[in-house]
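All of the numbers you see were taken from the coordinates with simple rules; none came from a lab. Computed from a predicted structure; not experimentally measured. Here the Cβ positions follow ideal geometry from the backbone for every residue, glycine too, while neighbour counts run over all protein chains shown.
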Amino acid sequence: MSTGDSTSSGPSKWAWLWACLVLFVVHSPSATEAKFIEGYLKTAEKWAFLTRFCFLSDDGTFSFDVEYDIEYAMEKILLYYDSPHQWPAVYKSDKNCQEREAVMKRENNQFINLTLVSINSECEVIRHPGDKATYHCKGSRSFRSVRERWWFIAISNCDSTKGLELRYRFTMTNGYDYWHKHFSADEFYILRTDLTALILQLGILFLSLLAASELKNRQLFHSTYRLYMTAVVLQVSGLAFLSLHYGRYGYNGVGLENSKLLGRVLLSIGTVVMVLMLLLMGKGFNITRGRLRQASAVRLTLFMCLYSILLHELFIYGSGWDGFKNKGEGFLTRPSAANKNFPYHVRTSQITALERSTTGVVGNNTLDSFSRHTYAPDLCDGGGGGGGGGGGGGFSATEPKNFAAPDLFLVSGAVEMRPIPAPKSIVKQDKSFPHHAPGAPPAVFHEPVSLS
């Protein structure tokens, strides 16, 4: 993996990408969903489930507008609630149509008969060319219960020999204000939560960009931080598209389904990128070493492939998975706070120098072992210097120091320094020297050497 600085492609690339995504969201057809739904049902079964909604007590309203061929009469709309003897007792059970209707109570007005003789719906017969007639029915229901409840809407005709056929349009609401009307009771705070998270993520992105600029100037903009920045951008983008969907959804009950799908995809990709970054950091990549061992790289690649496939499958089946989302922004944006244990101080130019060096050693660092901190003892000092595991690059404690600490300046390549020559001695031969006794050997003085 390369960790050196790369040339930016400029903001135009991202601008074009965002423009394409927005066009996809706005102009692509989107499927309608609760809490305004419409569609066409045709099945050989006598009972079919259509949708569900969590209604508030008193404030919840269900409106319907349906039309079906008179040959399929009499069809009924069934309203089940979430008590154990109601919906859980019939859904995905072996009960027949009559048994599924039997769990409901007519006194609770859970049946809506779609026919002219019904007193709880407004129906009319519409004649069509070719001696064809249909029932057109519309009406509404309000819900009163001790608490908010899940209600499940189904269609049935237990006496039918042809199955079911229905064109329907349902509107389900809770109250009248923007934040509640089209949202199911379990979804009331999704929009506000997404907007809050988006604002916080934008703040994190702004601070991360400032940190990235400073790191780039200091040649510390490593690939792990780039992965972190990518994850943050994906998180912000995903939350933006989800907020766009739910913002429109609160207005018309339909929203932008493509925007919702795109937002979820971006958040999932951001999770994968974040997991990859955390695993690389756990392996010490760009922290205690500049490359991974081949076995570690293979294991990491296999794990990420399996993780991505599993996340994709869960995404398709709608099971959901929060994943591993410990982002650690404080550690990444303030590396000095943890620099004792994680020496995030090796410059990208130093790593480039290590990669190009014939010996693979520059100062206190090798590709497989970075020093613990900027002023750690050199590798040739008896302590083995280096930290994070790894030896001293083949140097013994008796060898002279041939390397200057490269952390004190910007390294553009492998730098080797010549050994410091031994101090020169000064011999005093002047016999007039007051401390020179006649016949004694000449005094030898050494120039003082200052240690810094």
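Between the stretch 277-312 and the stretch 166-241, how many Å separate their Cα centres?
26 Å
When the Karplus curve 6.51 cos²θ - 1.76 cosθ + 1.60 is applied with θ = phi - 60°, which whole-Hz ³J(HN,Hα) does each residue of the stretch 239-251 get, with x for Gly and Pro?
Residue by residue, the stretch 239-251 yields 5, 5, 6, 5, 5, 4, 5, 6, x, 6, 5, x, 7 Hz.
Would you mind getting me the FRET efficiency between residue 161 and residue 105? Use the beta-carbon distance for r and R0 = 35 Å, nearest 0.05.
0.80
In nm, to one decimal, how far is the residue 42 label point from the residue 71 one, both placed 7 Å along Cα→Cβ?
1.1 nm
Just the C-alpha atoms of the stretch 123-195: what Rg/Rh do they give, with Rh taken as the Kirkwood radius?
1.12
I need the calculated FRET efficiency for the pair residue 316 and residue 57, taking r as the beta carbon distance and R₀ as 25 Å, to the nearest 0.05.
0.10
Calculate the FRET efficiency for residue 138 and residue 293 from the Cβ-Cβ distance with a Förster distance of 51 Å, rounded to the nearest 0.05.
That gives a FRET efficiency of 0.15.
So for the pair residue 91, residue 179, with labels modelled 7 Å out along Cα→Cβ, what separation do we get in nm?
Here the modelled spin labels are 2.8 nm apart.
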